[in-house]
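Some notes on the structure that comes next.
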Amino acid sequence: MTAEIGYWLGESMWGRGFATLAVKAMTDYAFASLELIRLQATVYEWNSASVRVLEKAGYSFEGRLRNHVTKADRVGDALIYAKLRP
Ligand SMILES: CC(C)(COP(=O)(O)OP(=O)(O)OC[C@H]1O[C@@H](n2cnc3c(N)ncnc32)[C@H](O)[C@@H]1OP(=O)(O)O)[C@@H](O)C(=O)NCCC(=O)NCCS
């Protein structure tokens with residue numbers, strides 16, 4: 001079974017390592033508690049902080065969906081990251 005992980009912090013909480021801590025903790029919890037073989041996340045290509053969060057939590061880049069997302073009139077790629085059951 002595959003699951004998708006997503007996360008969102010209020011701006012006043014950015015840059016303190018909270019997202020990295022939370023994604024690591026939720027990833028460990030999900031693999032320990034659910035019958036998952038795979039967790040994945042989709043990131044806007046320009047969201048470098050989120051890419052970094054996923055890399056630090058052990059997720060690997062798997063692919064790019066070209067022109068898959070639009071935000072405030074900006075069209076861009078979506079990046080797929082995944083982590084497999086350890
Ligand atoms: C993306 C988000 C979750 C990051 O949360 P955070 O708690 O600030 O992240 P962390 O403090 O754990 O930092 C993660 C890494 O990103 C880096 N980083 C932060 N801002 C960055 C930026 N603008 N560009 C590049 N790297 C950045 C940090 O330096 C850190 O890497 P390091 O430890 O190697 O130095 C947060 O900004 C957020 O909620 N944004 C709005 C919603 C969103 O984008 N959600 C993700 C959707 S995929």
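Readers should treat all values here as calculations from the given coordinates under stated rules, not as data from a laboratory. All of these numbers come straight from a predicted model, not from anything done at the bench. With ideal geometry, Cβ positions are generated from the backbone for all residues, glycine too; neighbour counts draw on all protein chains shown.
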Subject >> Antiparallel content of DSSP bridges confined to the chain, in %, to 5 >> reply: 85
Subject >> Counted charge near Arg64, where neighbours are those whose Cβ lies closer than 11 Å (Asp, Glu -1; Lys, Arg +1) >> reply: -2
Original post:
What does the charge dipole of the chain about its Cα centre add up to, to the nearest 20 debye, if the Cβ of each Lys and Arg holds +1 and the Cβ of each Asp and Glu holds -1?
Top reply: 140
Subject >> Estimated vicinal HN-Hα couplings, Hz - region 8-18 in sequence order (Karplus 6.51, -1.76, 1.60; Gly, Pro = x) >> reply: 7, 10, x, 4, 5, 9, 5, x, 10, x, 5
**OP:** Compute the signed sum of charges (Lys and Arg +1, Asp and Glu -1) over the other residues within less than 15 Å, Cβ to Cβ, of Arg16.
**Re:** +2
Original post:
Under a Cβ-Cβ cut-off of 15 Å, what is the net charge of the residues other than Met1 that fall near it, where Lys and Arg count +1 and Asp and Glu count -1?
Top reply: +1
Subject >> Mean residue ellipticity (222 nm) of the chain, computed from DSSP H runs ≥ 4 via -39,500 (n - 2.57), nearest 500 >> reply: -9000 deg cm²/dmol
**OP:** May I ask for the Rg/Rh ratio of the chain, computed from Cα atoms with Rh as the Kirkwood radius, given to two decimals?
**Re:** 0.98
**OP:** Using amide H atoms built 1.01 Å from N in the peptide plane, name the residues 5+ places from Glu45, or on other chains, whose amide H lies under 5 Å from its own.
**Re:** Asp77, Leu79
**OP:** Return the sequence-ordered ³J(HN,Hα) values of region 40-52 in whole Hz as given by the Karplus equation 6.51 cos²θ - 1.76 cosθ + 1.60 applied to θ = phi - 60°, using x for Gly and Pro.
**Re:** 9, 9, 10, 10, 5, 4, 8, 8, 4, 5, 5, 4, 5
